[in-house]
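One structure below.
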Amino acid sequence: MRRLVREGMAQQPRQLPAWLLYDAEGSRLFEAICEQPEYGLTRTETALLEAREPELAAALGEGVLVEFGAGNARKVGPLLEALQPPAYVALDISADHLQQSCVALQARHPAVPVLGICCDYSALRQLPEHPLLSGQRRLGFYPGSSIGNFSPEEAEALLLQLGQLLGPGARLLIGIDQPKAVARLEAAYNDAAGVSAAFARNLLIRLNRDLAGSFNPDAFAYSARWQAEHSRIAMALVSREAQTVQLAGEAWSFAVGEPLITEYSVKYDPVAFLALAARAGWRGAGRWSDPADDLSLHLLVT
Ligand code: AVJ
């Protein structure tokens, strides 16, 4: 963490890995974002999963279900009911959150063995050995457009790696948010209640705690802007003044107006996403969309 933070702070513009946003408080704030009226992604995708559950389950077929970045694991319910997989594996960076999610999910679906693995899934090369996983085909579930946190180059490398982790016969059901009206996009990442801003500022609080930082969160203004040339929302904390901050044993100075990028959220139209997936060895085998065509669920096969 110390090394990644130093590398990110030395970049121009400064940018920290998005998974750092998800300490216990960050995970709680992200769930609150999902309930804001401006942030429709979670509601829309959940409704789509529920409405298309029989088709999605039939298209996925048999295998152990592996979810990347499971969070509260509230989206996988319909698939678990329809598929009754030999096991469900939840991967997430936030340990306490993951534990609670798995316990709650196991109670709701007693017939499916639930395994939780706390990790940065983008750095995971293989699943640990486990009797429930050996000799089983693996189905990936990667909802929420979380892959949008990665640059297109990183996303391509990640899809390649997920294919290797899932192994022969792998299938991947992935949720992708699409470009839409700029006003809607910017409002989704800067809600009126200020939850998105609190989520970003919580990163500074986390760094103060975990890496002996001296950030004053109030000395940074939150900004979420659509960057059309990159088809992404850029979320940043912008220094309100010239200031120097201690972090990880070093001093970092910010000019007035200098941003610290907290995350990007890249949006892909279906054609662009399938081209990216193809470069990583995946073929599109199905696409489901909501009535407004705001987002897609893509089924990828190897
Ligand atoms: C979890 C990456 C999908 O980009 O929409 C939402 C993160 N950050 N609001 C997104 C997020 C602020 C979210 N992902």
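The values are calculated or read from the model by the stated rules, or taken from the named source; none is laboratory data. Just so we're clear, the structure is a prediction, and the values are computed from it rather than from any experiment. Cβ placement follows ideal geometry from the backbone for every residue including glycine, while neighbour counts extend to all protein chains displayed.
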So which pairs qualify, if the first residue must be in the stretch 233-252 and closer than 30 Å to Tyr39 by Cβ and modelled with pLDDT of 95 or more, the second must be more than 16 Å from the ligand (Cβ to nearest atom) and of a type in the set (S, T, N, Q), the Cβ gap must be under 6 Å, and the two must be at least 6 apart or on different chains? Val245/Ser214
Unmet requirement for Gln99, which otherwise passes all of (1) in a helix (DSSP H, G or I); (2) surrounded by 15 or more Cβ atoms within 10 Å (Cβ to Cβ): (2)
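Considering only residues of the stretch 2-35 that are polar (S, T, N, Q) and within 19 Å of Ala234 (Cβ to Cβ), which is surrounded by the fewest Cβ atoms within 10 Å (Cβ to Cβ)?
Let us first name the residues in the stretch 2-35 that are polar (S, T, N, Q), namely 11-12, 15, 27.
Restricting the remaining residues to those that are within 19 Å of Ala234 (Cβ to Cβ) gives 11-12, 15.
Values: Gln11: 11, Gln12: 6, Gln15: 18.
Looking at the filtered set, the residue picked out is Gln12.
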Looking only at the stretch 192-238, and only at residues there that are within 12 Å of the ligand (Cβ to nearest atom) and of a type in the set (Phe, Trp, Tyr), the one that is nearest to the chain's Cα centre (by Cα): Phe199
With the first residue restricted to the stretch 254-281 and required to be in contact (Cβ under 8 Å) with a residue 40 or more places away in the chain and on the phi < 0 side of the Ramachandran plot, and the second required to be among the aromatic types (Phe, Trp, Tyr) and more than 16 Å from the ligand (Cβ to nearest atom), Cβ contacts under 8 Å at 6 or more apart or on different chains are Leu260/Phe254
Note: among Arg279, Arg287, just one is touching a strand residue (DSSP E or B) at 6+ places or on another chain (Cβ under 8 Å), surrounded by fewer than 19 Cβ atoms within 10 Å (Cβ to Cβ) and either at pLDDT below 95 or among the charged types (D, E, K, R) (or both), namely Arg287
Given (1) touching a helix residue (DSSP H, G or I) at 6+ places or on another chain (Cβ under 9 Å); (2) surrounded by 14 or more Cβ atoms within 10 Å (Cβ to Cβ), index of the condition Pro259 fails: (1)
Just one of the numbered conditions (1) in contact with a Phe, Trp or Tyr (Cβ under 9 Å, 6 or more places away or on another chain); (2) not in a helix (DSSP H, G or I) is not true of Pro37; which one? (1)
